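Every number here is computed from the coordinates shown, using simple stated rules; none is lab data. Computed from a predicted structure; not experimentally measured. For neighbour counting, all protein chains shown are included, and Cβ atoms are generated from backbone atoms with ideal geometry for every residue, glycine included.
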Amino acid sequence: MKIDRQKMSEQDPLQRSTNFGEVNLGLQEKVALLEAERCLQCRDPKCVSGCPVMVNIPQFLELLSEGNLAAAAQSLLNDNALPSVTGRVCPQETQCEIECIRGNKGLPVAVGYLERFVGDWARGNREQVPMQVAAPTGRKVAVAGAGPGGLTAAGELARRGHDVTIFEALHKPGGVLVYGIPEFRLPKAIVEDEVARLQQAGVKIVCNTVIGRTYTIQELREQFDAVFIANGAGLPVFMNVPGENFKGVYSANEYLTRVNLMSAYQFPQADTPVLVGRRVATVGGGNVAMDAARTAKRIGAEASIIVYRRTRKEMPARAEEIHHAEQEGIDFEFLVAPVEVIGDEKRWVTGLKCVRMQLGAPDASGRARPEIIPGSEFVIPCDVVVVSIGTRANPLLTATCPEMKLNKWGNIVVDENGMTNLPGVFAGGDIVRGAATVILAMGDGKRAAAAMDEYLKTAPPLGSQTV
Amino acid sequence: MHEIIAKQGLSPNVTRLDVKAPRLAKIRQAGQFVIVHRAEGAERIPLTIADADPEKGTIALVIQAVGKSTRDLVAMEPGEFITGIAGPLGKPTELIEKGRALCVGGGVGTAVVHPIAQGLHRQGVSVHSIIGGRSKEWVIFEQELRQLGEVTVCTDDGSHGRKGFVTEAAKELLSAGGIDIVYAVGPVPMMRAVVNLTRPMGVHTIVSLNPVMVDGTGMCGGCRVTVDNQTFFACVDGPEFDGHLVDFEGLMDRLGTYREFEQRATHACESGQCKVGLH
Ligand SMILES: Cc1cc2nc3c(=O)[nH]c(=O)nc-3n(C[C@H](O)[C@H](O)[C@H](O)COP(=O)(O)OP(=O)(O)OC[C@H]3O[C@@H](n4cnc5c(N)ncnc54)[C@H](O)[C@@H]3O)c2cc1C
Ligand SMILES: Cc1cc2nc3c(=O)[nH]c(=O)nc-3n(C[C@H](O)[C@H](O)[C@H](O)COP(=O)(O)OP(=O)(O)OC[C@H]3O[C@@H](n4cnc5c(N)ncnc54)[C@H](O)[C@@H]3O)c2cc1C
Ligand code: SF4
Ligand code: SF4
Ligand code: FES
């Protein structure tokens, strides 16, 4: 029997562009089992090598297709601590699914949807997939940052019996998963569930604690046997064009933080405001830009415009997000680059002056280099501009630990085990890689946790370390 | 969770809260601030650590009630808890090692000047403070500052100290010479006036900027200010900068971003619609 790739049901685009409810509605169990059956159980599964953490995809799909959900969940969770998250946000089409053999003829197995399905099932049936925690080792580990990297490392370390404390700068754990990625793509309840699960396994989470300020890395080294740093890449890059400080210009981080973490969309029920904007121009072509542009529409913008200097093909955002944005009526200005923010006499934003671009010879990254078309200046009228052209390593933590080795961009340098040049201090996620992905941060957390576990077997007892 | 240990009204709209925060009380340095998240759903707002008692494990927040978030805070009573306080944030004040310093404080800025004067005094620097307010009851931290050096009080109506603005008193003192550095904290127009005074004299002047902040960790860029024609994030690069290089117009302008919202929030508050409200 030939089965076609099953479809994800979605909230109607018109309706959803006015609410924060999740866009993808999830698969019915019947549908999920059917889709899982499409897996050919390849002897040499290419999909697995496409996944940065090598999830044993055929194994969990086989168990799923047999209807053995608990076993499928256990198998999946062994490889990936946050399947409900990655099932929603991984760029599957360039990782696991692009490698799937089924894709050679027809459509690949919907690994992402199924991962989400099994992850969600596991969340609803915790008692059937309990976290096995080893006997206490008496070792204490500190984690700086409660994003996907830090949370994964904490879980892996706790499972091995270590006493783990996560220090988080903000008032809520989750990192980008709570302040950046919007509710309509990743409901906050999922992150809260995962955090609760870690806490049940004994992980302590201390919020409002800024490593580098409240405690230095040196102090953590004195009080803990090992340290994992996963403080992310949260330093917004601006365009450096005139008018960038006019009222109405936001970094995507600020815009999304106000709306997501601080619930500004509920103002005045929530205390934090955000400028809604009648016409919002978002500069950039990544996931962050899509999130900002789609958020703008949801909080009431009449027009939400993505301004990107290359073409649709080069956009780094997940294909699904671009597709969803188009469905929701986001406008796209391709091959366009901003040169100035225009404001009125009171310095409120009134427009974004841009030039048109054409694609020239490929650059170092192999992508065609955009070149300015002379005399092509024009203005996009708008009252809010969201700058989403990337982030750099936040220097706050590293600046207070001068002995730690950084690369020229300020990212922490680690060895193949994820260890920095300071013995017992490990790092991973965006602070090491630069802005990357959730699954890569989780992979780093997992790998580092294993290496830390090894390190702790022979590490000198607390207090005897020297610098 | 941080318990409020004591509460004291300092002026008609300025309240001091002493809050339990042992770690912060121990390590805070002059010029540093905290981000206060009063409760779930509340705004995150920056407040200077005006004083600290490491023995009791408390820090002092001195709060001018200007809008919803500050009003909600000063409505809290001893025994109640603030959900989150993150810090100490910002770079510590650049304190001179020896010599004579002038500290100018206007309104609630006087509370921000206080830890700076404390720090200077501890180094053995001679401190002269000039502080001001509308009238007698608006002058704060006079006693505390007197313990650290000489104090000149200025009131607009002459009901206490001299009549007139702090800048006038500062001008006289600076003209007499012998001041090595000026620290000025207060409303933007006051800081700008002080800076305009010291610029031609070539006296190094440090000001503390108060842009709108969200995270306080360098993640959002909302607190960006222009100093020496470059962009800085006040929460990590500041909040103190060389006053002679600060773009005060830009700061003032950006501070007006949410004026309309603030009025709505305050209105909702006053008409009893808000969730927490003034009790
Ligand atoms: C809007 C947006 C959308 C995205 N969409 C996707 C997507 O669809 N798919 C995908 O795979 N990736 C996506 N990404 C990228 C992905 O979220 C990141 O690569 C990932 O979150 C990195 O994880 P991390 O653990 O390294 O850091 P983060 O998630 O950044 O977490 C770091 C945590 O550390 C905390 N912290 C920072 N400094 C300190 C300090 N000094 N002390 C203590 N704590 C500190 C921060 O507050 C934060 O909670 C997106 C990113 C953004 C911003
Ligand atoms: C580093 C720093 C230290 C500060 N120290 C003190 C202090 O010790 N005592 C004190 O009373 N005030 C201090 N402030 C100012 C204080 O943070 C604001 O008055 C407060 O956030 C206003 O919030 P609101 O909701 O009560 O008022 P709103 O009605 O929201 O705003 C009133 C005005 O306050 C400013 N403001 C609003 N939101 C913020 C925000 N999130 N961050 C900063 N400013 C904002 C704006 O200029 C606004 O026009 C400091 C600010 C900074 C940046
Ligand atoms: S973690 Fe991401 S890449 Fe790996 S299998 Fe799951 S969806 Fe695919
Ligand atoms: S490559 Fe595709 S068909 Fe083969 S095991 Fe992986 S998911 Fe199944
Ligand atoms: S407050 Fe967000 S970067 Fe300074």
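Could you give me the percent of Cα pairs per 5 Å distance bin for the stretch A:221-272, shortest bin first, beginning at zero and ending with the bin that holds the maximum distance?
Calculated over all Cα pairs of the stretch A:221-272, the distribution is 4, 15, 15, 16, 13, 12, 10, 8, 6, 2 percent.
Antiparallel as a % of all DSSP beta bridges within chain A, to the nearest 5?
For chain A, the DSSP antiparallel bridge percentage is about 40.
May I ask you to derive the FRET efficiency for residue B:123 and residue B:83 from their Cβ-Cβ distance with R0 = 35 Å, giving the value to the nearest 0.05?
The formula returns an efficiency of 0.45 here.
If we count other beta carbons within 10 Å of each Cβ, what is the order of A:263, B:69, fewest first?
Ordered by Cβ neighbours within 10 Å, fewest first: A:263, B:69.
Among B:138, A:348, which comes first, then next, by fewest other beta-carbon atoms within 10 Å?
A:348, B:138
Using only Cα atoms and rounding to the nearest 10 degrees, what angle (0 to 90) does helix B:109-123 make with the longest principal axis of chain B?
The answer is roughly 60 degrees.
Assigning unit charges at the beta carbon (Lys, Arg +1; Asp, Glu -1) and nothing else, what dipole magnitude in debye, to the nearest 20, does chain A show about its Cα centre?
In total the dipole reaches around 300 debye.
Could you state the principal axis extents of the C-alpha atoms in the stretch A:238-389, from the largest down, to the nearest angstrom?
Each principal axis gives a Cα extent; for the stretch A:238-389 these are 52, 39, 25 Å.
Can you order the peptides A:135-142, A:438-445, A:93-100 by their average number of other Cβ atoms within 10 Å per residue, highest first?
Packing proxy ranking, top to bottom: A:438-445, A:93-100, A:135-142.
What's the FRET efficiency of residue B:23 with residue A:127 using the Cβ-Cβ distance as r and R₀ = 45 Å, to the nearest 0.05?
Computed FRET efficiency for residue B:23 and residue A:127: 0.75.
Which residues does a label at residue A:46 reach in the stretch A:103-136, if reach means a backbone N under 14 Å from a point 7 Å past the Cα toward the Cβ?
A:103-109
When only C-alpha pairs under 8 Å and at least 6 residues apart count, what is the relative contact order of the stretch B:2-89, in percent?
39
Which angle between 0 and 90 degrees, to the nearest 10, do you get for helix B:259-270 versus the longest principal axis of chain B when only C-alpha atoms count?
Relative to chain B, helix B:259-270 is tipped by roughly 50 degrees.
For the modelled label position 7 Å from the Cα of residue A:54 along Cα-to-Cβ, which residues of the stretch A:393-428 have backbone nitrogen atoms closer than 16 Å?
A:416-418
Would you work out the charge dipole size for the stretch A:13-128 about its Cα centre, treating the Cβ of every Lys and Arg as +1 and the Cβ of every Asp and Glu as -1, and quote it to the nearest 20 debye?
200
Just the ratio, please: alpha-carbon radius of gyration of the protein assembly as shown over 2.2 N^0.38 Å, N its number of residues.
Output field value: 1.01.
Determine, for A:455, B:183, the number of other Cβ atoms within 10 Å of each Cβ, and report the residues in order from fewest to most.
The order, fewest Cβ neighbours first, is A:455, B:183.
Given contacts defined as C-alpha pairs under 8 Å and at least six residues apart, what's the relative contact order of chain B, whole-number percent?
So the answer I get is 16 percent.
Work from the charge dipole of chain A (Cβ charges, +1 for Lys and Arg, -1 for Asp and Glu, about the Cα centre) and give the residue of A:422, A:227, A:260 farthest towards its positive end.
A:422
Between residue A:216 and residue B:201, what FRET efficiency comes out of the Förster formula 1/(1 + (r/R0)^6) with R0 = 45 Å and r the beta carbon distance, rounded to 0.05?
0.70
What number comes out for the charge environment of residue A:434, summing +1 per Lys or Arg and -1 per Asp or Glu over other residues with Cβ under 15 Å away?
After counting each charged neighbour, the total is +1.
Work out how much length residue B:150 to residue B:163 would gain on full extension: take 0.36 nm times their residue separation and subtract the Cα-Cα distance, in nm to one decimal.
Between residue B:150 and residue B:163, full extension yields 2.9 nm more.
Against the empirical 2.2 N^0.38 Å scaling, what ratio does the C-alpha Rg of chain B come to?
In units of the globular-protein estimate, chain B measures up at 0.97.
Label-point separation (nm) for residue A:421 and residue A:399, each offset 7 Å from Cα along Cα-to-Cβ?
Simple spin-label model gives 2.0 nm for this pair.
Would you mind pulling out the separation of the Cα centroids of the stretch A:188-230 and the stretch B:156-180, in Å?
Answer, in whole Å: 50.
Measure off 7 Å from each Cα along the Cα-to-Cβ vector at residue A:367 and residue A:135, then give the distance between these two points in nanometres to one decimal.
Spacing of the two 7 Å Cα→Cβ label points: 5.3 nm.
Return the Cα extents of the stretch A:305-458 along principal axes one, two and three, sorted largest first, each rounded to a whole Å.
Principal-axis extents of the Cα atoms in the stretch A:305-458, largest first: 65, 36, 33 Å.
Using 0.36 nm per residue, how much length does the chain from residue A:278 to residue A:353 gain when fully extended, once their Cα-Cα distance is taken away?
Full-extension gain reported as 25.3 nm.
Of all alpha-carbon pairs in the stretch B:2-89, indicate the percentage at a distance above 20 angstrom.
Tail fraction, whole percent: 24.
Calculate log10 I(q)/I(0) of the stretch A:114-270 for q = 0.21 Å⁻¹, where I(q) comes from the Debye formula with a single equal point scatterer on each Cα and nothing for solvent.
Treating every Cα as an identical point scatterer, log10 I(q)/I(0) equals -1.34.
Percentage of Cα-Cα pair distances in the stretch B:1-50 greater than 15 Å, rounded to whole percent?
56
Please work out the ratio of the alpha-carbon Rg of the stretch B:90-182 to 2.2 N^0.38 Å and round it to two decimals.
1.02
Taking the alpha-carbon set of the stretch B:155-235, what are its Rg and Dmax in Å?
15.7, 45
Dipole magnitude of chain B about its Cα centre, charges +1 at Lys/Arg Cβ and -1 at Asp/Glu Cβ only, in debye to the nearest 20?
The calculated dipole for chain B is roughly 180 debye.
Across peptide A:209-218, how many C-beta atoms of other chains are within 10 Å of each residue C-beta, on average?
Partner-chain Cβ atoms within 10 Å, mean over residues of A:209-218: 4.
Quick one: angle between helix B:188-201 and the longest Cα principal axis of chain B, in degrees between 0 and 90, rounded to 10, please.
Long axis of B:188-201 versus the principal axis of chain B: about 20 degrees.
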